[in-house]
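Asks: Following this message is one structure expressed as structure tokens.
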Amino acid sequence: MQMYKLICHTNVYYNRVMGGKLKIILVEDDVSFAELLANRLEEFGFQVEHYEDGASFLDLKPSGHLILLDLMLPNLDGFRVLEVLRHRKDRTPVIVVSARSAEEDV
């Protein structure tokens, strides 16, 4: 919850000072959850771009201020997406959003 508040306050500041919206890239295969999360973020003034799998996200190479990444994705899982992003030297911050909770997943 603290991270959510921090992100929302950062966006309010960015809107006022920079005159634009922070863009969040959401990579999540659960369409219902993605719509719920995207709608909530948009209510707080964020621009949200959604991808349902890792391969399409990487193929299109979108740019944003933050990536919300699920680990369990079709075609290319979130771990591999992270590897590719780091190999490309992409410095966009990534927050992992996942139902996985085993210690080896962390």
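The values are calculated or read from the model by the stated rules, or taken from the named source; none is laboratory data. Note that this is a predicted model, so its numbers are computed, not measured. Glycine also receives a Cβ, built like all others from the backbone with ideal geometry; neighbour counts cover every protein chain displayed.
Asks: Among the residues of the range 52-74, which ones are among the charged types (D, E, K, R), under 14 Å from Val97 (Cα atoms) and surrounded by fewer than 16 Cβ atoms within 10 Å (Cβ to Cβ)?
Replies: Matches in the range 52-74: none.
Asks: Right, next: Tally the residues that are without any contact (Cβ under 8 Å) to a residue 60 or more places away in the chain, within 9 Å of the chain's Cα centre (by Cα) and surrounded by 12 or more Cβ atoms within 10 Å (Cβ to Cβ), restricting the search to the range 83-97.
Replies: Total satisfying the criteria: 2.
Asks: Name every residue in the range 34-51 that is crowded, with 16+ Cβ neighbours inside 10 Å and either of a type in the set (Lys, Arg) or closer than 15 Å to Ser98 by Cβ (or both), in order of residue number.
Replies: Ala34, Leu37, listed by residue number.
Asks: Looking at Leu68, Leu58, Leu73 in this structure, which one is touching a helix residue (DSSP H, G or I) at 6+ places or on another chain (Cβ under 7 Å) and outside any helix (DSSP H, G or I)?
Replies: Leu73
Asks: Additional query: Taking the condition of being under 25 Å from Phe57 (Cα atoms), at pLDDT below 80 and of a type in the set (A, V, I, L, M), how many residues in the range 1-40 meet it?
Replies: Residues that pass the stated criteria total 2.
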